[in-house]
Amino acid sequence: MWRRILRNFTKQIGIDLGTSNTLLFVKGRGIVVNESSVVAINRRNGRILAVGEDARSMLGKTPPHILVTRPLQRGIIADFEVTEKMLRYFFDKVHDDRSLVIPRPRVIVSVPLDVTEVERKAVGDAAMSAGAHDVLVVEEPIAAAIGAGMDITSPLGNMVVNIGGGTTEVAVISLNGVVTAKSSAIAGEELNKNIAQYARDVFNLLLGEGIAEQIKMSIGSAVELSEPMETSMRGRDMLSGLPREILVNDAQIREALARSVKAIVEQVKSILEITPPELVADIYQKGIVLTGGGALLRGIDTAISRGTGLPVRVATDPLTAVAMGTGALLENKALLADVAFPATDRIPGA
């Protein structure tokens, strides 16, 4: 009886554990956490100083004894201990009722397509150590497709391109499963690096990570724009060592991003080439759906459409699609049983 009472207070949480951002969906409340996957640590005593946006604001601005780190790389745990502390911090934010007895939450976590069994187990162990009662995992493209409103249960082809911070995953989904898929490291963070490298090569200017991302968000594009845009680029001059600011326009930033945009288009084309023709026919009719923060790059849908000849649309809220997908699974036990699996067991057929 006591267990049944506790079960009524147990949180059910869906987690989009991303390289750049972590989102938590709580059943009955929606998305309650949307923070950067960044942690600031005091090297002298190992104490966590800040998590999320507060830690992200410290990037490139700390003294030597403070380490600001991203514990996930390409959606995979690179630092188990820091990831555990980050998740514990987010779980504490979810449990805002401050009750004396807080049941351990039940959790669904999204994982990349090409995650190994060891890496998948690390995700489950980190969530359990952070306070979860049990952990299920679901592949990111599956969660993204569900969150974008796609019907993955029917025998029809659905194509989703999830452009996150650390990875771009292209998948064709039918009957609750991934038929063909490919993952690459060319994603949001790589686009930031493209801009920083362009500034170094063309202007002899060293940019910080945050400045490069701001430029991408303010004037970045994959195709020519109807109206020109420009913004300031501030950094350190490589020759004089002094601060310098210049104006850059959308055409220059588009040139910086061109190689990575082309690689994403080629990735989509390569998946279409190995997809069964029956499913390709469905995709031709239904189109391709883009999710993830990278889907917000201006004109990326047009670039993919031009490269493939297929209709392409951006999900209504691409940033939250994966988290919303995990939330939808919390509400649909039958679908959850079909697409999710325990974090510590082998994937069926693996």
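Values quoted throughout were computed directly from the atomic coordinates according to the rules given, and no laboratory measurement underlies them. Bear in mind that the values here come from a model prediction, so they are computed numbers and not experimental data. So basically every Cβ, Gly included, is an ideal-geometry build from the backbone, and we count neighbours across all protein chains shown.
Under a plain spin-label model, where a point goes 7 Å from the Cα along Cα-to-Cβ, how far apart in nm are ARG306 and LYS269?
Label-label distance for ARG306 and LYS269, simple model: 1.3 nm.
Express in whole angstrom the spacing between the alpha-carbon centres of the stretch 268-339 and the stretch 22-87.
That distance is 28 Å.
Of LYS216/LYS333; LYS93/LYS182; LYS216/LYS269, which pairs sit farther than 32 Å apart, going by alpha carbon to alpha carbon?
LYS216/LYS333; LYS93/LYS182
I'd like the Karplus ³J(HN,Hα) series for the stretch 211-219: coefficients 6.51, -1.76, 1.60, θ = phi - 60°, whole numbers in Hz, and an x wherever there's a Gly or Pro.
5, 4, 5, 4, 5, 4, 6, 7, 9
Rank the residues ARG298, ARG120, ARG70 as a footprinting-exposure proxy: fewest other Cβ atoms within 10 Å of their Cβ go first.
ARG298, ARG70, ARG120
Arrange MET86, MET217, MET159 by Cβ neighbour counts within 10 Å, fewest through most, would you?
Fewest to most other Cβ atoms nearby, the residues stand as MET217, MET86, MET159.
If you plug each phi of the stretch 232-238 into the Karplus form 6.51 cos²θ - 1.76 cosθ + 1.60 with θ = phi - 60°, what whole-Hz ³J(HN,Hα) values come out, in order, with x for Gly and Pro?
Whole-Hz 3J(HN,Hα) from phi for the stretch 232-238: 8, 10, 10, x, 9, 5, 6.
According to a simple spin-label model (label point 7 Å from Cα along Cα-to-Cβ), what is the distance in nm between LEU296 and THR69?
2.7
If I stretch the segment between LYS262 and ASP114 completely, what's the gain in nm (0.36 nm per residue apart, minus their alpha carbon distance), one decimal?
Contour length minus Cα-Cα distance gives 51.1 nm.
Report, in deg cm²/dmol and to the nearest 500, the calculated mean residue ellipticity at 222 nm for the chain, where each DSSP H run with n ≥ 4 adds -39500 (n - 2.57) and the sum is divided by the residue count.
Counting only the DSSP helices, I get -12000 deg cm²/dmol.
Just to be sure I understand: of the beta bridges DSSP finds with both ends in the chain, what percent are antiparallel, rounded to 5?
70
Please get the size of the charge dipole for the stretch 188-257, origin at its Cα centre, with Cβ charges of +1 on Lys and Arg and -1 on Asp and Glu, quoted in debye to the nearest 20.
Once rounded to the nearest 20, the dipole reads 260 debye.
How would you rank HIS95, HIS65, going from fewest to most other Cβ atoms within 10 Å of each one's own Cβ?
Going from sparsest to densest Cβ surroundings: HIS65, HIS95.
Once you keep just the Cα pairs under 8 angstrom separated by 6 or more residues, what percentage relative contact order results for the stretch 171-235?
Contact order relative to length: 23 percent.
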